[in-house]
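Asker: I'd like to ask some things about the structure below.
The values are calculated or read from the model by the stated rules, or taken from the named source; none is laboratory data. Because the structure is predicted, anything quoted here is derived from the model rather than measured. No Cβ is skipped: glycine too gets one built from the backbone with ideal geometry, and neighbour counts run over all protein chains shown. We work out accessible area using only protein heavy atoms, side chains counted, and drop any ligands, DNA or RNA first. Shrake-Rupley method; radii C 1.70, N 1.55, O 1.52, S 1.80 Å.
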Amino acid sequence: MLTIIYGDAENSIYNTNVYFKNTYEPEWFETELAKKMVKDIDDSEVVSGECINSPVLGQIPPERLSGGVKTLLLMLNEPEKIFNASTCGDNCAKWILEIGKLHDLTINLRHMMSFGRDVRFDIKIENGGEIVHSMKELIPIASNYLNKMKQE
């Protein structure tokens, strides 16, 4: 199940770019899910675990992928850690939900992420323990925690 912590989260990894650069393994790019995420988010093809073919940049190392893809790959491969998902755009939301179906995943958010107007899901909000199933349910709860964060 996907769990979200709004605001500061103890032990959260906020600088996902630096963390990725120093921890990723080339094997992370061997799964079909990883290849689909790279294609969908960055419109790039995985050639190998050390080479990505970007239509804009040409052949690049994984460190040059977008912050969103790198954060998704961290979530997929190190689900026991809490990553700052605010480095991801809304285009990453469906993949976060997908990873949350594969294994328990806790993320940190400091903004309102859209998981899709007509998408049904099971998300636990760690701040108060609420379980939500749609954006209609999520928005007022998340807004409350995000507004509290701004006041602190």
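Asker: With just the Cα atoms of region 74-152, tell me how far they stretch along each of the three principal axes, in Å, largest first.
Answerer: Largest first, region 74-152 extends 34, 29, 23 Å along its Cα principal axes.
Asker: To continue, here is another question. To the nearest 10 square angstrom, what accessible area does T23 show with a 1.4 Å probe?
Answerer: 40
Asker: Can you tell me what percent of all Cα-Cα pairs in region 1-58 are more than 16 Å apart?
Answerer: 59
Asker: Does region 29-117 classify as rounded, prolate or oblate by the C-alpha gyration tensor (a ≥ b ≥ c root eigenvalues; a/c under 1.5 gives rounded; else a/b over b/c gives prolate, otherwise oblate)?
Answerer: prolate
Asker: Quick one: Debye curve from the alpha-carbon atoms of the chain only, equal weights, vacuum; give me log10 I(q)/I(0) at q = 0.19 Å⁻¹ to two decimals.
Answerer: One equal scatterer on each Cα of the chain leads to -1.13.
Asker: Region 116-152 to region 29-72: how many Å between their Cα centroids?
Answerer: 30
Asker: Another question, then. Could you pull out the GluC sites (Glu not before Pro) across region 3-93 that fall in loop regions by DSSP (anything but H, G, I, E, B) with no more than 16 other Cβ atoms inside 10 Å?
Answerer: When the GluC sites (Glu not before Pro) of region 3-93 are filtered for loop state and at most 16 Cβ neighbours within 10 Å, E10, E50, E80 remain.
Asker: Of the beta bridges DSSP finds with both residues in region 1-145, what % are antiparallel, to the nearest 5?
Answerer: Percent antiparallel among DSSP bridges in region 1-145 is about 45.
Asker: OK, next. Set the bar at 20 Å for Cα to Cα. Now go through K21/K70; K81/K101; K94/K124; K39/K81; K124/K148; K94/K136 and name every pair that lies beyond it.
Answerer: K39/K81
Asker: I'd like the Karplus ³J(HN,Hα) series for region 122-131: coefficients 6.51, -1.76, 1.60, θ = phi - 60°, whole numbers in Hz, and an x wherever there's a Gly or Pro.
Answerer: Result, rounded to whole Hz: 10, 10, 9, 9, 4, 3, x, x, 5, 10.
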